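Below is one structure; the comments refer to it alone.
The values are calculated or read from the model by the stated rules, or taken from the named source; none is laboratory data. Please read these numbers as outputs of a predicted model, since none were measured by experiment. Backbone-built Cβ (ideal geometry, glycine too); neighbour counts: all protein chains shown. Areas reflect the complete protein model, heavy atoms only, side chains present, ligands, DNA and RNA absent. Shrake-Rupley method; radii C 1.70, N 1.55, O 1.52, S 1.80 Å.
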Amino acid sequence: MYKNIIVAIDLAHGEAGKELIDRAKALIDEGGAIRLVHVLEDVPSYIAAELPRDLNDRRQAEAKVELNLLTQGIPGNCVAEVRTGAPASQILQAAEDHGADLVMIASHRPGLSDYFIGSTAARVVRHAQCSVLIAR
């Protein structure tokens, strides 16, 4: 069905990510590619000043290790990618950079703050140039 799938993974919610990966494996065409993308949000500068200088490097390395563990057992072409920035914009940028024809993302039950500022999944749906599958 799809040749290039971006699976947005929030490592803080591991089970949701594993379910998305299982769905992606069912939807990918033979010879297609699955790209797992995790986005680390930037630490505000007023907080970063108090943190160790190598914190971002450690966060990146830990996220890459966790994503690589998730790629094991996925047949075919599967790549893990860690990005830094605003999650919705980085997911959309990854989809554009890699020519995705499907973005998969998990969504939680919306809280009050989501009604005012919008969730990551809602932003991805509004701005994606390809199909988006949202799992709950």
Unique match (being buried (at least 18 other Cβ atoms within 10 Å of the Cβ) and more than 14 Å from ASN4 (Cα to Cα)) among LEU40, LEU102, LEU67, LEU36: LEU67
Scan of the range 70-86 for residues that are more than 16 Å from ALA100 (Cα to Cα), open to solvent by 30 Å² or more (accessible area, probe 1.4 Å) and at pLDDT below 90, ordered by number: LEU70, GLN72, GLY73, PRO75, GLY76
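Conditions (1) in contact (Cβ under 8 Å) with a residue 24 or more places away in the chain; (2) of a type in the set (Gly, Ala, Ser); (3) touching a strand residue (DSSP E or B) at 6+ places or on another chain (Cβ under 6 Å), marked per residue:
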residue: GLY17; (1), (2), (3): yes, yes, no
residue: ASP29; (1), (2), (3): yes, no, yes
residue: VAL39; (1), (2), (3): yes, no, yes
residue: ILE47; (1), (2), (3): no, no, no
residue: ASP57; (1), (2), (3): no, no, no
residue: ALA61; (1), (2), (3): no, yes, no
residue: CYS78; (1), (2), (3): yes, no, yes
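For the subset of the range 1-25 comprising residues that are small (Gly, Ala, Ser) and open to solvent by less than 80 Å² (accessible area, probe 1.4 Å), which member is modelled with the highest pLDDT?
My answer is ALA8.
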